[in-house]
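The values are calculated or read from the model by the stated rules, or taken from the named source; none is laboratory data. Worth saying up front: this structure is predicted, and the values here are computed from it rather than measured. Methodologically, a virtual Cβ is constructed for each residue, glycine included, from the backbone with ideal geometry; neighbour enumeration extends over all protein chains shown. Note: areas computed on protein heavy atoms with side chains; ligands, DNA, RNA excluded. Shrake-Rupley method; radii C 1.70, N 1.55, O 1.52, S 1.80 Å.
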Amino acid sequence: MKGKKIVIGITGGIAAYKTAYLLREFIKEGAEVKVLMTQAAKEFITPLTMATLSKNPVLTDFFNPENGDWNSHVDLGLWADAMVIAPATANTLAKMNYGIADNLLLTSYLSAKCPVFFAPAMDLDMYKHPATQKNINDLIARGHICIDADSGELASGLIGKGRMAEPLQIFNVVKNFFEYRKSLKGKKVLITAGPTYEAIDPVRFIGNYSSGKMGYALAEECKNRGAEVTIVSGPVSIPKPEGIHIIPVKSASEMLDACLKHFPDTDIAIMNAAVADYTPAQTSEKKIKRTKDDMFIELKPTKDIAAELGKIKKKNQLLIGFALETDNEEKNADKKLKKKNLDFIVLNSLQDKGAGFGYDTNKISILFQDNKMKKFELKTKLEVAKDIVNEIELNRKK
Ligand code: CTP
């Protein structure tokens with residue numbers, strides 16, 4: 001962190017007292033810190049505390065009331081290598097999402113050209129509310145990094161999720177970000193994500209429950225480490241992430257065509273999509289009418305995209321697959337790893353509670369060609385993405 005310029009933004013929550021510890025971590029590691037506080041934040045911790053720890057004046061107002069100097073949010077936004085908003089209240093998250101600029105912290109946020117980190121902190125019901133969840137998800141989709149709230153006893157006395165992450169955890173996320181930042185620079189990553197839709201007629205299809213969240217989290221993580229990322233995406237309802245190239249497709253065959261086109265120019269390919277294994281032998285051009293008779297749809301197999309890429313994979317290319325299994329997990333995953341010529345395969349077991357389709361968490365094991373296996377704990381999909389990209393780095397080909 002030596003020499004890194006950090007703007008810490010403090011908003012009005014009881015967790016503001018913990019931000020003094022966060023500030024100390026940055027200073028201890030040699031970062032230069034400037035602190036912005038909202039008026040409400042000053043009710044929870046004094047500017048004097050933060051000014052003394054940061055050895056810089058704390059900024060709260062657009063103008064210095066003593067000499068009329070203008071505090072330039074534009075300058076601050078350009079100065080910072082990172083902006084860390086901790087605690088981030090529901091109110092500030094909403095304003096950040098909608099571009100409301102009614103204090104110096106928010107105008108600086110809108111002027112910032114640097115990575116933005118935020119640590120939500122609020123009562124459990126405010127945290128759970130769809131409005132807050134939407135704001136958090138929109139900000140993540142905008143490319144900001146959320147250090148998610150912890151569960152535990154809250155200031156209200158209630159128990160639940162909403163407590164600000166511990167200062168050391170917040171600090172480590174920022175530190176890791178700078179350490180990892182360049183590790184995939186110059187690398188081109190191709191990711192398949194989401195389900196495929198196989199058309200039966202103009203209004204019906206065969207699909208599956210894949211949300212695409214894991215693939216998009218992997219894309220975000222690779223981007224954060226400097227890679228140029230393309231997602232060949234089946235139909236998902238995830239906001240378009242910034243700085244990532246999306247190729248939208250519907251069917252398995254469209255996904256295959258896009259992958260074959262882009263794979264030759266790819267360093268790392270991650271096959272995360274839940275591709276349909278079968279597609280209707282015929283797609284009716286007109287809507288199929290209801291009759292009294294039984295109905296049969298003839299299906300024909302689709303091409304296995306991962307296996308097709310495995311056949312043309314060059315020595316310097318890394319190919320990673322996923323396996324979603326309900327039984328004989330490790331044996332089945334190992335078969336797929338070898339049959340598809342993958343470098344490693346990420347196994348999700350549907351037997352693990354909280355893992356797989358639709359959840360925000362995942363529990364994985366990674367199996368390698370030399371029969372080694374690594375098992376990981378149940379984690380958020382964002383954390384799982386980090387573990388997988390760490391493995392990519394360890395197995396990277398020059
Ligand atoms: N895959 C693919 N194209 C397909 C089917 C699967 O690229 N037509 C990829 C998936 O993206 C995943 C891996 O292959 O990385 C394994 O997918 P999975 O559905 O678990 O395995 P299948 O090979 O389809 O076998 P099965 O459905 O019988 O378990």
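All of LEU184, LEU218 fail the test of being within 16 Å of the ligand (Cβ to nearest atom), touching a residue at least 12 places away in the same chain (Cβ under 8 Å), not in a strand (DSSP E or B) and not charged (D, E, K, R), apart from LEU218. Looking across segment 319-342, the residues that are within 11 Å of the ligand (Cβ to nearest atom) and open to solvent by 50 Å² or more (accessible area, probe 1.4 Å) come down to LEU324, THR326, ASP327, ASN328, LYS335, LYS336, LYS339. Counted as qualifying within segment 23-121 are the strands (runs of 3 or more DSSP E) with 1 or more residues that are at pLDDT 95 or above and over 18 Å from ILE147 (Cα atoms), namely 32-37.
Can you tell me which residue within segment 197-240, out of those that are among the polar types (S, T, N, Q) and touching a Phe, Trp or Tyr at 6+ places or on another chain (Cβ under 7 Å), is modelled with the lowest pLDDT? Among those that are among the polar types (S, T, N, Q) and touching a Phe, Trp or Tyr at 6+ places or on another chain (Cβ under 7 Å), it is ASN224.
Considering segment 196-229, and only residues there that are buried (at least 23 other Cβ atoms within 10 Å of the Cβ) and among the hydroxyl-bearing types (Ser, Thr, Tyr), the residue that is nearest to LYS287 (Cα to Cα) turns out to be THR196. Residues in segment 251-281 that are of a type in the set (Val, Ile, Thr), open to solvent by less than 40 Å² (accessible area, probe 1.4 Å) and within 12 Å of the ligand (Cβ to nearest atom): 2 in all.
The lone criterion from (1) in contact with a His (Cβ under 7 Å, 6 or more places away or on another chain); (2) exposed (fewer than 15 other Cβ atoms within 10 Å of the Cβ); (3) among the hydrophobic types (A, V, I, L, M, F, W, C) left unmet by LEU104 is number (2). Candidates in segment 237-250 are the residues that are away from the ligand (no atom under 16 Å from the Cβ) and open to solvent by 90 Å² or more (accessible area, probe 1.4 Å); of these, the one that is farthest from THR192 (Cα to Cα) is GLU242.
Residue selection: ASN316 satisfies the criterion of being more than 8 Å from the ligand (Cβ to nearest atom) and either hydroxyl-bearing (Ser, Thr, Tyr) or out of contact with any helix residue (DSSP H, G or I) (no Cβ under 8 Å at 6 or more places or on another chain) (or both).
Look at segment 23-43: where a residue is touching a residue at least 12 places away in the same chain (Cβ under 8 Å) and open to solvent by 10 Å² or more (accessible area, probe 1.4 Å) and a partner is among the aliphatic types (A, V, I, L, M) and part of a helix (DSSP H, G or I), sitting 6+ places away or on another chain with Cβ atoms under 7 Å, you get ARG24/LEU53; GLU25/LEU168; ILE27/LEU53; LYS34/LEU76; THR38/LEU105.
Checked against the criterion of being on the phi < 0 side of the Ramachandran plot and either within 15 Å of the ligand (Cβ to nearest atom) or among the aliphatic types (A, V, I, L, M) (or both), the candidates ASP387, ASP370, ASP304 yield just one match: ASP304.
Contact map, segment 290-305: first residue assigned by TED's automatic domain parsing to the domain that holds ALA193 and open to solvent by 90 Å² or more (accessible area, probe 1.4 Å), second residue among the aliphatic types (A, V, I, L, M) and outside any loop (DSSP other than H, G, I, E, B), Cβ cut-off under 8 Å, separation 6 or more or different chains; pairs are LYS303/ALA252; LYS303/LEU256.
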